[in-house]
Amino acid sequence: MKLYGLLLAFGAAVATVAPSSAQTLDECLALARDHAPAIRVANAEVSRANHGIREARAALAPTLRLGASYVQSNEAPKVVFPIAGSRSTSVVRTGSASALNVRSDALFTLYSGGRDGALVSAAEAARSVQERGREQADADLVLQVSQAFYRAVATERLEAAAADALTSAEAHRRTSVARVRAGAASRLDSLQAHVNLARRLTEQVRAREAVRLARVDLETAIGVALDPARPLVEPGAPVLDVPADSAAAALALEARPELAAYDNAIRENAHRARAARAARSPLVNLTATAEYLGPNRNDSYWEVEEPGLKTYKLYAGVGVTVPILDGGLVSARAGALEAAGQGLVAQRQEAALAVRQQVSRALSDLRVALTVWESDSSRVAAAREALRTAEAGYKGGASTATDVRDAEAALADARAEEAQSLMDYWIARASLDHATGASVKRGK
């Protein structure tokens with residue numbers, strides 16, 4: 001008796017929770033968006049795409065380069081002229097032994113056949129692809145966290161059912177002991193009640209460990225530990241209405257981020273193909289140079305007036321490059337990109353078919369889960385009434401101890417199955433939101 005009393009006290013003490021404030025699914029999702037590695041990876045990809053746009057736009061802007069060099073010779077450059085009729089020569093100095101060259105070159109592309117603009121458009125489309133990828137990562141995270149959250153809530157329901165079954169088993173044990181002492185029942189009833197109580201206590205320990213593991217899975221999905229003092233809030237009773245197949249499929253084809261990612265990838269490929277074909281067009285560049293050359297032959301580092309001795313040069317020009325023969329390189333590049341575009345179109349069609357299939361499966365799972373939950377809920381009500389009747393009958397001698405134990409087992413099983421079917425419904429609803437893209441719209 002003392003041993004069972006201690007075990008019961010221990011089980012009740014562990015099962016007791018002192019809630020401070022409840023923790024909802026939306027709060028868990030907010031934590032996951034702040035800490036989940038997948039979201040940080042997706043944000044990094046979007047940032048990389050933004051830098052790609054800056055890189056592509058840089059080709060539309062003029063460039064300016066500055067260079068400098070200094071050379072020291074052992075003597076100044078000279079020109080020697082022989083004097084006719086004489087063995088002597090005339091030496092003319094043409095420069096200085098020191099040479100400082102500072103040069104600034106500016107380049108601006110006047111015409112590139114639309115290549116630079118196409119590359120900018122392709123980079124913008126690539127950024128849209130990464131943004132849709134971030135939305136997909138967020139939708140996947142919502143589904144993963146929702147599933148872990150619902151499993152954690154379901155295990156808490158199972159733990160509560162195990163605690164109630166333990167309380168009922170203890171009450172039955174006390175009743176059987178009293179009836180044995182009064183001579184109204186055999187000692188076998190009391191022993192079987194003790195065995196049943198020990199089994200219920202074991203089931204409670206298992207349920208408690210399942211709660212702990214489900215909590216760990218939820219924290220792993222979120223990426224950060226949760227406050228153990230804050231219980232999880234159940235999402236509420238199931239919604240009985242189920243959307244029509246056609247409406248759900250239409251919503252999915254419009255909202256699913258991976259389909260939008262394919263559309264943007266097709267746009268990006270088309271712009272890159274246009275940029276590749278632009279290599280057949282002439283390239284026109286405008287160049288301008290400002291150059292300092294000093295010192296002059298008079299060893300002057302600054303001269304801007306004396307002709308022939310000026311230490312600076314200014315000149316500009318226009319360069320035109322026309323491709324004549326490239327061995328089919330441009331055609332090969334453009335053809336490869338066009339083939340890749342056809343592959344993307346086919347992949348997009350395949351993804352659309354897969355989305356329709358996922359929506360149909362999610363709707364089917366939701367309908368089944370809803371039906372099973374309604375059946376299990378009615379079973380729980382019936383099993384609870386059957387246990388009450390069996391306990392009252394056992395106290396009055398109209399029922400046997402076996403009837404009570406069977407009723408306890410039936411109620412425990414019914415509550416466990418109801419918790420499982422309710423979890424299946426919540427997960428099916430989350431899967432449908434993921435399949436239709438509804439979780440993406442809520443995330444925005």
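The values are calculated or read from the model by the stated rules, or taken from the named source; none is laboratory data. Computed from a predicted model, the values in this text were never measured in an experiment. Every residue, glycine among them, receives a Cβ derived from its backbone with ideal geometry; neighbour counts consider all protein chains shown. For the accessible areas, the whole protein counts, side chains as well, though only heavy atoms, and no ligand, DNA or RNA atoms are used. Shrake-Rupley method; radii C 1.70, N 1.55, O 1.52, S 1.80 Å.
Specify the residue that is nearest to residue 138 (Cα to Cα); the eligible residues are those in the range 201-233 that are open to solvent by 60 Å² or more (accessible area, probe 1.4 Å) and not in a helix (DSSP H, G or I). Looking at the filtered set, the residue picked out is 225. Any residue at all in the range 341-359 that's more than 30 Å from residue 249 (Cβ to Cβ) and either open to solvent by less than 80 Å² (accessible area, probe 1.4 Å) or not small (Gly, Ala, Ser) (or both)? There is no residue in the range 341-359 that is more than 30 Å from residue 249 (Cβ to Cβ) and either open to solvent by less than 80 Å² (accessible area, probe 1.4 Å) or not small (Gly, Ala, Ser) (or both). Checking every residue in the range 343-350 against the condition of being touching a helix residue (DSSP H, G or I) at 6+ places or on another chain (Cβ under 8 Å), touching a residue at least 40 places away in the same chain (Cβ under 8 Å) and over 30 Å from residue 119 (Cβ atoms) gives zero matches.
From the list 429, 415, 333, the lone residue that is of a type outside the set (Phe, Trp, Tyr), in a helix (DSSP H, G or I) and open to solvent by 60 Å² or more (accessible area, probe 1.4 Å) is 333. Could you check the range 376-396 and list, in sequence order, the residues that are open to solvent by 60 Å² or more (accessible area, probe 1.4 Å), closer than 23 Å to residue 429 by Cα and not basic (Lys, Arg)? Passing the criteria: only 378. Cβ-Cβ distances below 6 Å connect the following pairs, each with a first residue in the range 205-224 that is closer than 24 Å to residue 36 by Cα, a second residue that is of a type outside the set (D, E, K, R) and surrounded by fewer than 15 Cβ atoms within 10 Å (Cβ to Cβ), and a separation of six or more residues or different chains: 219/225; 223/35; 224/35. Please state which one of 41, 92 is of a type outside the set (D, E, K, R) and over 30 Å from residue 296 (Cα atoms). Just a single option satisfies the conditions, and that option is 41. Filtering 365, 326, 376 for residues that are in contact with an Asp or Glu (Cβ under 6 Å, 6 or more places away or on another chain) and among the charged types (D, E, K, R) leaves a single hit, 376.
Report whether or not residue 192 is closer than 30 Å to residue 149 by Cα and either open to solvent by 30 Å² or more (accessible area, probe 1.4 Å) or part of a helix (DSSP H, G or I) (or both). In short, no. Could you look through the range 261-302, keep only residues that are assigned to a loop (DSSP other than H, G, I, E, B) and open to solvent by less than 40 Å² (accessible area, probe 1.4 Å), and pick out the one that is modelled with the highest pLDDT? In this case the residue turns out to be 281.
Taking the range 39-68 as the range and being outside any helix (DSSP H, G or I) and open to solvent by 60 Å² or more (accessible area, probe 1.4 Å) as the test, the residues that pass are 60, 62, 64, 65, 66, 68.
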